[in-house]
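The values are calculated or read from the model by the stated rules, or taken from the named source; none is laboratory data. Owing to the predicted nature of the structure, the values given are computational and were not obtained by experimental measurement. Cβ atoms come from the backbone with ideal geometry, glycine included; neighbour counts cover every protein chain shown. Only protein heavy atoms, including side chains, enter the accessible area calculation; ligands, DNA and RNA are left aside. Shrake-Rupley method; radii C 1.70, N 1.55, O 1.52, S 1.80 Å.
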Amino acid sequence: VNIQTRLKNWGYYTGDIDGIYGYQTYQAVRHFQSKNGLGVDGIAGPETLAAIGLPTGQVTSQSNSKDVNLLAHIIHAESRGEPYSGQVAVGAVILNRVRDSRFPNTIAGVIYQPGAFDAVYDGQINLQPNTLAYNAARDALNGWDPTYGCIYYWNPATATSSWIWSRQIMITIGKHVFAR
């Protein structure tokens with residue numbers, strides 16, 4: 001919301017302020033980056049956030065460090081081998097659940113909710129994340145949501161739950177579909 005508000009106040013963003021890092025926000029960030037001599041990638045990373053005047057999301061506290069680390073573990077376990085935006089999307093789904101009253105209100109609570117993620121059940125969450133997973137975790141924590149607010153994802157080729165197919169699919173990234 002803060003990114004959209006600031007970019008709207010400065011004339012870069014014209015959409016509704018809804019807190020969703022969608023295409024309009026992405027384009028506004030790119031425009032801001034190009035006008036301010038930043039690398040133009042549409043990602044509100046530490047350098048862009050600092051230029052906008054918002055906290056950078058850099059790991060400064062033990063709690064934040066734990067969140068980045070745990071998010072990187074689940075991203076790596078659930079989506080290694082997927083496109084980078086798909087890895088960020090998995091992190092975004094976790095954070096969208098944290099904000100949704102139907103789910104636990106912490107990253108650890110969402111990840112370790114019984115039955116929520118196969119990678120917790122089968123132990124893949126304990127694999128050492130790669131740099132890409134850590135970057136994806138930071139980008140998700142910094143507000144990039146390639147899913148536009150989705151709270152579910154699955155691989156249609158391997159999903160065994162019939163209930164999951166009742167969810168409205170919003171976008172496909174790599175081998176995962178993302179739904180509300």
Margin query: Leaving ligands and nucleic acids out of the surface, order Ser161, Ser79 by accessible area at 1.4 Å, largest first.
Written below: Ser161, Ser79
Check: Ignoring ligands and nucleic acids, what accessible area does Ile75 show with a 1.4 Å probe (Å², nearest 10)?
Finding: 0
Checklist line | At R0 = 41 Å, FRET efficiency that the Cβ-Cβ distance of Ser34 and Tyr121 yields, to 0.05 | finding: 0.35
Next item on the list: Excluding residues on the same chain fewer than 8 positions from Lys66, give the lysines whose Cα lies under 30 Å from its Cα.
Entry: Lys175
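Please identify the chymotrypsin sites (Phe, Trp or Tyr not before Pro) of the stretch 11-47 that satisfy two criteria: DSSP loop assignment and at most 10 other Cβ atoms within 10 Å. Which are they?
none
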Item checked: the chain: angle of helix 84-99 to the longest principal axis, Cα-based, in degrees nearest 10 -> 80
Margin query: Just to verify a number: FRET efficiency for Ala157 and Asp16, C-beta to C-beta distance, R0 = 35 Å, to 0.05?
Written below: 0.45
Notebook entry, point to check: Between Ala140, Ala89, Ala44, which gets the highest mean-square fluctuation from a Gaussian network model of the chain, Cα cutoff 10 Å?
Noted result: Ala44
Notebook entry, point to check: For a paramagnetic label modelled at 7 Å from the Cα of Thr5 toward its Cβ, which residues of the stretch 25-56 fall within the zone defined by backbone nitrogen distances under 15 Å?
Noted result: 52-55
Note to self: Tell me the angle of helix 23-35 to the major Cα principal axis of the chain, expressed in degrees between 0 and 90 and rounded to the nearest ten.
What the structure shows: 40
Item checked: MRE, 222 nm, helices only [DSSP H, n ≥ 4, -39500 (n - 2.57), over the chain, to nearest 500] -> -13500 deg cm²/dmol
Next item on the list: Determine Rg/Rh for the stretch 11-124; Rg is computed over alpha-carbon atoms and Rh is the Kirkwood hydrodynamic estimate from the same atoms.
Entry: 1.01
Check: Share of the chain's accessible area from carbon and sulfur, percent, 1.4 Å?
Finding: 49
